[in-house]
Amino acid sequence: MTTGTGSTDHLLNLSNLCRQTVACVTPSQKDLETTGLPHLEHNKTRITELCAVSVRADHIELGCFPRVQNKLSLCFNPMKMISPEATSLTGLSNDLLEYQASFSSDAVDVIRKWLEMNQKPICLVAHNGNRFDYPILRAEVEKTRNKLPEDILCLDSLNAFRSIDTLEAEAVKQPPKGEIPFEFNDGYDELLSQAVDEYEKQMKLTPEQVQKINETTPQKQKICSTTGNGGPGASTKRNFGHIREFVSYKLEDVYKRLTSKEPISAHEAEGDVTMLVTCAAVYGEKFVKYANDNSKRLSEIPAMTPGRRIGF
């Protein structure tokens, strides 16, 4: 797997940071669970759970759920109140996390060591990661006055899935080379040609011939003889393009659409990662190619900062 900064031959990291989940393996998947949504907490959101699974990129390319996985799952005491909405979604409360360690330098060391166990280059993957997981993870790490390895890459799977689907839809719409779309095969070019021919003939007519034509009752004009292709000859209904149907790219909706199965423990870190790995595997080579072309360094993602809009 080739990226703008190196080649990824083995691992892919997929992540989703609602509950902190990190999945890595030169593709690596991760997911975070948090105390709430940043815009409702003045960008002071804390991580309550992190789960990561690392899988090899070449295993994803096979198009099946990878058997070989390295997992990391950690829960944290956020040292602040967890919103009722977050507790309802994740099942994590302040009471349950009371005796868990907070996100500290020790946690960063564990994450760093776990990343180092995987073959480089490593690319983290998180659903909506650019506007949630990555900024929050970077903010938590910076609070400990530590850093994650500078060569770690990252990718937002939400953008990946949407882009792949869009490219496939456009490919289906494009007609084969040499074939004229029916919208343009409506007979009007023929009418224009006939009009030009008639005009040229009239320019050569004598005054007597012109008078005869003017005194003759015109016959009803036929628009065209096109049939069966949606042209005016077949129907007066015009095609002004398709109304774009809304398609949800929530992780659980993408999973359900691709697998025809119900979501796996949605909003539980490990369940989210499992769904993310599965979706990436369904896209297979297309997903890995997108990751190769569009991944960037995690250090390029701005950390969540109070008073500033999250993401980039």
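For (1) in contact with a Lys or Arg (Cβ under 8 Å, 6 or more places away or on another chain); (2) of a type in the set (S, T, N, Q), each residue gets a yes or a no:
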site	(1), (2)
GLU61	no, no
CYS64	no, no
SER73	no, yes
MET81	no, no
SER104	no, yes
ASN130	no, yes
ASP133	yes, no
ARG138	no, no
How many residues are of a type in the set (Lys, Arg) and either closer than 13 Å to SER295 by Cα or at pLDDT 95 or above (or both) when one looks only at the stretch 115-146? 3
SER299 being touching a strand residue (DSSP E or B) at 6+ places or on another chain (Cβ under 7 Å), within 28 Å of PRO121 (Cβ to Cβ) and not charged (D, E, K, R): no
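The values are calculated or read from the model by the stated rules, or taken from the named source; none is laboratory data. What you see is a predicted model; the values in this text were computed from it and never measured. Using ideal geometry, Cβ is built from the backbone for each residue, glycine included, and neighbour counts are taken over all protein chains shown.
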